Ligand SMILES: [Zn+2]
Ligand SMILES: [Zn+2]
């Protein structure tokens with residue numbers, strides 16, 4: 001794959017590595033181009049869902065949650081058609097507690113039960 005320089009300043013290197021390792025590099029790059037780096041996090045700067053404050057974008061013309069789309073673009077293993085729905089059999093938790101973070105390295109797949117438990121422990125609302 002040709003090396004391209006992504007226009008996001010200090011995170012260029014991290015982002016290029018993520019894109020190179022992604023199951024769907026085109027989608028992941030498209031998402032990460034619209035993020036800015038904050039520490040280890042890649043913060044989505046595009047649209048947000050009215051509920052929950054998660055980043056929202058489109059993949060194949062369908063509205064999707066940015067963190068789910070980024071996770072799936074990197075690992076390629078979320079259930080078909082579930083990118084727009086946090087309440088599927090696999091929920092994606094932000095281990096960095098920043099719900100606008102699009103870094104797949106900060107996303108942990110959990111069952112709903114595990115996810116609820118995690119949030120209770122973190123005292124995190126969503
Ligand atoms: Zn993060
Ligand atoms: Zn969570």
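Laboratory data are not the source of any read-out in this text; all were calculated from the coordinates shown. Small disclaimer: the values here were computed from a predicted structure and weren't measured. So basically every Cβ, Gly included, is an ideal-geometry build from the backbone, and we count neighbours across all protein chains shown.
Just a few scattered comments:
- Scan of the stretch 85-94 for residues that are in a strand (DSSP E or B) and more than 7 Å from ligand 1 (Cβ to nearest atom), ordered by number: 91, 92, 93
- Taking the stretch 95-118 as the range and being more than 16 Å from residue 49 (Cα to Cα) and within 16 Å of ligand 1 (Cβ to nearest atom) as the test, the residues that pass are 95, 96, 97, 103, 104, 105, 106, 107, 108, 109, 110, 118.
- In the stretch 23-38, the residues that are under 7 Å from residue 73 (Cα atoms) reach residues that are in a strand (DSSP E or B) with C-beta atoms within less than 8 angstrom, at least six apart or across chains, in these pairs: 27/59.
- If the condition is being at positive phi and in contact with a strand residue (DSSP E or B) (Cβ under 9 Å, 6 or more places away or on another chain), then the stretch 68-126 contributes only 81.
- Answer from 78, 42 - the residue that is assigned to a loop (DSSP other than H, G, I, E, B), buried (at least 18 other Cβ atoms within 10 Å of the Cβ) and away from ligand 2 (no atom under 12 Å from the Cβ): 78
- Count of the stretch 102-121 residues which are buried (at least 19 other Cβ atoms within 10 Å of the Cβ), more than 18 Å from residue 26 (Cα to Cα) and touching a helix residue (DSSP H, G or I) at 6+ places or on another chain (Cβ under 7 Å): 1
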